[in-house]
Amino acid sequence: GSQPLLEDTAPRIVEHPTDLLVSKGEPATLSCKAEGRPAPAVEWYKDGERVETDREDPRSHRTLLPGGALFFLRILHGRRGKPDEGVYVCVARNYLGEATSRNASLEVAGE
């Protein structure tokens, strides 16, 4: 049947990301930890758009760490834009459902 196994649990976020203020060119980590069984897959969204990490694009400066945190090798910030600035959430999913973290804003410190 399609009953979930008793041990299986829907994801829940146990560590939420917090707001960050980062100098450009510095590394940064947005924390996120989710529990659930089976272990949930974590995705990040910035301003509603899915964040691509080096899993999809090997040149990306953003890495999804094994625990679910989002690591920036260096915060990108140029005259033409602030590609890393925005509001981030992490979403953890497994077959029983999904959980969304609180919003965390990442701001790049002024020059």
### Task
Identify, from the list 69, 92, 104, 109, the residue that is out of contact with any Ser or Thr (no Cβ under 6 Å at 6 or more places or on another chain) and touching a residue at least 12 places away in the same chain (Cβ under 8 Å).
92
## Note on the structure
Taking the stretch 9-58 and keeping residues exposed (fewer than 15 other Cβ atoms within 10 Å of the Cβ), in a loop (DSSP other than H, G, I, E, B) and in contact with a Gly (Cβ under 8 Å, 6 or more places away or on another chain) leaves 47
### Qualifying positions in the stretch 71-81 - under 16 Å from residue 27 (Cα atoms) and either touching a Cys at 6+ places or on another chain (Cβ under 7 Å) or assigned to a loop (DSSP other than H, G, I, E, B) (or both)
73, 74, 75, 76, 77
### Filter pass, residue 81 being at pLDDT below 95 and surrounded by fewer than 16 Cβ atoms within 10 Å (Cβ to Cβ)
yes
### Message
Among the residues in the stretch 82-102, are any charged (D, E, K, R) and in a strand (DSSP E or B)?
### Response
yes
### Among (1) in contact (Cβ under 8 Å) with a residue 24 or more places away in the chain; (2) closer than 26 Å to residue 94 by Cβ; (3) of a type in the set (A, V, I, L, M, F, W, C), the one test that residue 64 misses
(1)
### Query
What pairs can you find where one residue is in the stretch 9-24 and farther than 15 Å from residue 104 by Cβ, the other is surrounded by fewer than 17 Cβ atoms within 10 Å (Cβ to Cβ) and among the hydrophobic types (A, V, I, L, M, F, W, C), and their Cβ atoms are less than 6 Å apart, with a gap of 6+ or different chains?
10/96; 23/109
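The values are calculated or read from the model by the stated rules, or taken from the named source; none is laboratory data. Fair warning: this is a prediction, and the values are worked out from it, not measured in the lab. Here Cβ is always computed from backbone atoms with ideal geometry, including for glycine, and neighbour counts include all displayed protein chains.
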